[in-house]
Amino acid sequence: MAERGARGDGQGVLHGVRVLDFGRFIAGPFCATLMGDLGAEVIRVERLAGGEDRYLTPVTEDGQGALYLQVGRGKRSLTLNPTRPEGREVVRRLVATADVVVANLPPATREALGLDYESLRAIKPDIILTTATAFGRGGPWSDRVGFDGLAQAMSGVMYMSGEEGQPTRSAASWVDFNTAALCAFATVAALRHRDLTGEGQVVEGALLKTALNAMGATLIEQDQLRVDRVATLNRGQTSGPSDTFRTADGHVMCLVIGPGQFERWCRMIGAEELLDDERFADDLQRGVHGEELSRRMAEWCAERTVEEVLDALDRARVPGGPVLSPQQALDHPHVRAIGYLEPVEYPTAARPVPVPGPPVELSKTPGSIRGRAPRLGEHTDEILAELGYDAEQIAGLRERRVV
């Protein structure tokens, strides 16, 4: 593991920042996770029976979910019913100690729980509220609920994925994770603004905005040129050859962009005559006529193993890589060598959990996994004690099912 913390003290650059995580699933919770990796104290506040995101894709003997073990890392867990008057008082005391509240909940839900910005800043004037909605403010869909897949669908990315006539969703929740990262980035900017001015503010992400941003170039091209592109499975449309190819023992992906790479690719497969073919004069033409380039590459790959293809691509300095199953990704020597998937013990897991750490490295103030995901309510008593509740009061709150 890399050396941790600002000034080498192990605390992290966000040490001293308290984040209350009322989030659900990914966009809110992972935003808080990233801040926790940088040293912030993150308190996950969830229902007495646990949030639904805790149990998605269960992998431990007591049903803890794979996603929760990733995005719940390094947090403290407080169970709470904030709809009860006594629960609202716990929220009030918590907010008074906090710097950031993360709550990717619908506006009406946040208001009902006292987590709207006006209620929060009445308690703590410089509080920062970070939230994320599905579709963003200002439109007829603003109050609708939604998930990652809907943002993929409405941004054009699903239409352009898979095969023509068969829109295909990405298996990875990339919209959620990117929204979380953007919200964390903006929240740190809001903390900087607060340090300079004393002012809090609202940070608001939206899944649809994140997906539209990723599709920006395609949308601009469509607006300007009306090209009306359709999906072509794995084959690229603005350069080539750009596709996946079957080898004698597996699959590889090859991506050729620019004249230098195209020339080296032609020489690699022994097809120098393509360099003088007007159909392949530039990237755009190579994309238009990509089927022919993919055919030539497929024939070349079919006679070779994955290792042979990748060795040849590396020697030619042409980008390429293997298409791996999840198990093969876990076992790949480069994935193992970079040490990114950190084994983290969890009390009810059969073996250490390979948790992805901070995805960006800082040379002076690196983030790190600062602990496993907490068990449900694991820190409830100690957090309440920090807020001024004595043992008898805590026992009473438990008896009345407030915590």
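Each value in this text was obtained by applying a stated rule to the coordinates, not by laboratory testing. From a predicted model like this one, the values you see are computed outputs, not experimental measurements. Neighbour counts run over all protein chains shown; Cβ positions are idealised from the backbone, glycine included.
A few notes on this one:
- Residues listed by number, region 371-399, amide nitrogen under 17 Å from Ala49 label point at 7 Å toward C-beta: 376-377
- Unpaired by the 4.7 Å Cβ criterion, cysteines found in the chain: Cys254, Cys266, Cys301
- Cα Rg, Dmax, the chain, angstrom units: 25.0, 85
- With each label modelled as a point 7 angstrom along the Cα→C-beta vector, the Thr83-Val59 pair spans 3.2 nm.
- Charged neighbours of Ile123, selected by a Cβ distance under 15 Å, balance to +1 (K, R count +1; D, E count -1).
- Full extension of the chain segment joining Phe185 with Phe147 gains 11.6 nm, where the gain is 0.36 nm per residue of separation less the Cα-Cα distance.
- With both labels modelled 7 Å from their Cα along Cα-to-Cβ, the Glu291 to Leu362 distance reads 5.1 nm.
- As a proxy for reagent exposure, Phe30, Phe262 were ordered by neighbouring Cβ count within 10 angstrom, fewest first; the result is Phe262, Phe30.
- Cα-based shape type of region 53-144, given that a ≥ b ≥ c are square roots of the gyration tensor eigenvalues and the cut on a/c is 1.5: oblate
- For Asp116, the residues whose amide H sits under 5 Å from its own are Glu111, ignoring neighbours fewer than 5 places away on the same chain, with H placed 1.01 Å from N.
- Residues whose amide H falls under 5 Å from that of Val355, counting only those 5 or more places apart or on a different chain, are Glu342, Val344, with hydrogens built in the peptide plane.
- Linear extension gain, Arg315 paired with Ser170, 0.36 nm per residue minus alpha-carbon span: 49.1 nm
- DSSP H segments from the chain that extend 30 Å or more along their own axis, Cα-based, with Kyte-Doolittle mean of 0.0 or above: 174-197
- Within region 1-122, percent of DSSP bridges classed antiparallel, to nearest 5: 10 percent
- Helical runs assigned H by DSSP (4 residues or longer) give the chain a calculated mean residue ellipticity at 222 nm of -11500 deg cm²/dmol, each run adding -39500 (n - 2.57) before division by the residue total.
- Rounded to 5, percent antiparallel among DSSP beta bridges of the chain: 45 percent
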